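What follows is a short report on a single structure.
The values are calculated or read from the model by the stated rules, or taken from the named source; none is laboratory data. As the structure is a prediction and not an experimental result, all values here were calculated from the model. Cβ placement follows ideal geometry from the backbone for every residue including glycine, while neighbour counts extend to all protein chains displayed.
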Amino acid sequence: MQHRPNWVTGIALLAIHVGALLALFPAFFSWSGVIVAIVISNLTGAFGITLCYHRSLTHRALRMVRPLEYATAILGALAFQGDPINWVATHRIHHAHADRRGDPHSIRRGLTWAHVSWLFRTNENLPTDEQCKRYTPDLWPDPVYQALRYLYVPMQIALAVLLFVLGGWSWVVWGIFARLVFTYHATWLVNSAAHAFGYRTYRTPDRSVNSWFVAMISWGEGWHNNHHAFPFSARHGLKWFEIDCTWWTIKLMAALRLVDKVRVPTREMRERLAGAQKDLQRSYFRRMTLE
Ligand SMILES: [Zn+2]
Ligand SMILES: [Zn+2]
């Protein structure tokens, strides 16, 4: 249990944001640097965090062939949001206690808390090693995931050195700092904005909402009310207009037989929770008009 601010994380996040400001100076600008940032952001954010860490490892919404699972987990580690075990444990705790006591980034503690402050301020709900082990019985014994606990920091440094050798400071500023800041906020908006601003299709005991804006920048993760309603679903955008790029990727991978056991909710499941939400809204409206 952590009863004091996490200074290391706080200072690292501050330094990364200051580094990203350098991207605004012409001396560090290059089109190749921008392209490097876009490519790495997509690889680490879309494939690493969204597809692997979140939909596959945390929720087991699909099963990837092992080499692909490990390769995408390495991409996830390069997103520098922690190793798979810690990320998955934290996120499973979020779902187990969403917006209630015990949630590491409950929206009830405010937007700033849910967005970023939970990472570095005193947070008694961050998992200890013991809780990580308990919440990830499927990942904890795996030597690859154990190794990534210790390797994800050196890996980021190695990537920075590689980018410096290949493209100089511009590639480091764009490919590491600017890219990390963009991907961080895309992920963090799922915890903040997608628990605050948007519409609710399904009745869930938390405050999750569907946010098109968050979905656009987070590879489909903004359909977060759908996700809290059906955490096991590989598909988050459930209506025709709810664009979910990661779902398209999963369908393509399934066609190529790189993934199987892809899970989605049945029509009955969806209708039941959508009906419950409509009933709730109707009774709320009745109360408002009677008063
Ligand atoms: Zn959530
Ligand atoms: Zn989730």
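Count, please, the residues in segment 201-224 that happen to be within 21 Å of Trp113 (Cβ to Cβ) and either in contact (Cβ under 8 Å) with a residue 40 or more places away in the chain or within 13 Å of ligand 1 (Cβ to nearest atom) (or both).
Within segment 201-224, residues that are within 21 Å of Trp113 (Cβ to Cβ) and either in contact (Cβ under 8 Å) with a residue 40 or more places away in the chain or within 13 Å of ligand 1 (Cβ to nearest atom) (or both) number 12.
Could you check segment 228-256 and list, in sequence order, the residues that are of a type outside the set (A, V, I, L, M, F, W, C), free of Cβ contacts under 8 Å to residues at least 40 places away in the same chain and farther than 19 Å from Tyr199 by Cβ?
Lys251
Looking for something more than 16 Å from ligand 1 (Cβ to nearest atom), assigned to a helix (DSSP H, G or I) and either at pLDDT 95 or above or basic (Lys, Arg) (or both) - is there at least one such residue anywhere in segment 58-65?
Scanning segment 58-65, I find no residue that is more than 16 Å from ligand 1 (Cβ to nearest atom), assigned to a helix (DSSP H, G or I) and either at pLDDT 95 or above or basic (Lys, Arg) (or both), so the answer is no.
In the set Arg108, Arg101, Arg63, which member is more than 16 Å from ligand 2 (Cβ to nearest atom), basic (Lys, Arg) and touching a helix residue (DSSP H, G or I) at 6+ places or on another chain (Cβ under 8 Å)?
On inspection, the qualifying residue turns out to be Arg63.
What tally of residues in segment 201-216 results from selecting those that are crowded, with 20+ Cβ neighbours inside 10 Å and either at positive phi or more than 15 Å from ligand 2 (Cβ to nearest atom) (or both)?
Residues in segment 201-216 being crowded, with 20+ Cβ neighbours inside 10 Å and either at positive phi or more than 15 Å from ligand 2 (Cβ to nearest atom) (or both): 1 in total.
If I go through segment 32-51 residue by residue, how many of them are within 15 Å of Asp244 (Cα to Cα) and either buried (at least 24 other Cβ atoms within 10 Å of the Cβ) or not polar (S, T, N, Q) (or both)?
Residues meeting the conditions: 6.
Hey, among the residues in segment 71-108 that are part of a helix (DSSP H, G or I), among the aliphatic types (A, V, I, L, M) and within 16 Å of ligand 1 (Cβ to nearest atom), which one's nearest to Leu189 (Cα to Cα)?
That would be Ile107.
If you check Leu78, Leu43, Leu51, which single one turns out to be within 26 Å of Phe230 (Cβ to Cβ) and of a type in the set (A, V, I, L, M, F, W, C)?
Sole residue among the options that is within 26 Å of Phe230 (Cβ to Cβ) and of a type in the set (A, V, I, L, M, F, W, C): Leu51.
When segment 73-97 is examined, which residues are found to be within 16 Å of ligand 2 (Cβ to nearest atom) and without any contact (Cβ under 8 Å) to a residue 40 or more places away in the chain?
Gly76, Trp87, Thr90, His91, Ala96, His97
Quick one: how many residues across segment 217-243 are more than 14 Å from ligand 2 (Cβ to nearest atom) and closer than 17 Å to Asn42 by Cα?
Residues in segment 217-243 being more than 14 Å from ligand 2 (Cβ to nearest atom) and closer than 17 Å to Asn42 by Cα: 2 in total.
Look through Phe29, Phe25 and report the one residue that is without any contact (Cβ under 8 Å) to a residue 24 or more places away in the chain, surrounded by fewer than 18 Cβ atoms within 10 Å (Cβ to Cβ) and not charged (D, E, K, R).
Phe25
Quick check, is Trp118 within 18 Å of Asp206 (Cβ to Cβ), aromatic (Phe, Trp, Tyr), part of a helix (DSSP H, G or I) and in contact (Cβ under 8 Å) with a residue 12 or more places away in the chain?
It is true that Trp118 is within 18 Å of Asp206 (Cβ to Cβ), aromatic (Phe, Trp, Tyr), part of a helix (DSSP H, G or I) and in contact (Cβ under 8 Å) with a residue 12 or more places away in the chain.
When you look at Leu256, is it surrounded by 22 or more Cβ atoms within 10 Å (Cβ to Cβ) and away from ligand 2 (no atom under 16 Å from the Cβ), yes or no?
No.
Of His54, His59, which residue is in contact (Cβ under 8 Å) with a residue 60 or more places away in the chain, under 23 Å from Val144 (Cα atoms) and in contact with a Pro (Cβ under 7 Å, 6 or more places away or on another chain)?
Just a single option satisfies the conditions, and that option is His59.
I'd like to know if segment 176-186 contains one or more residues that are of a type outside the set (A, V, I, L, M, F, W, C) and surrounded by fewer than 21 Cβ atoms within 10 Å (Cβ to Cβ).
Yes, segment 176-186 contains a residue that is of a type outside the set (A, V, I, L, M, F, W, C) and surrounded by fewer than 21 Cβ atoms within 10 Å (Cβ to Cβ).
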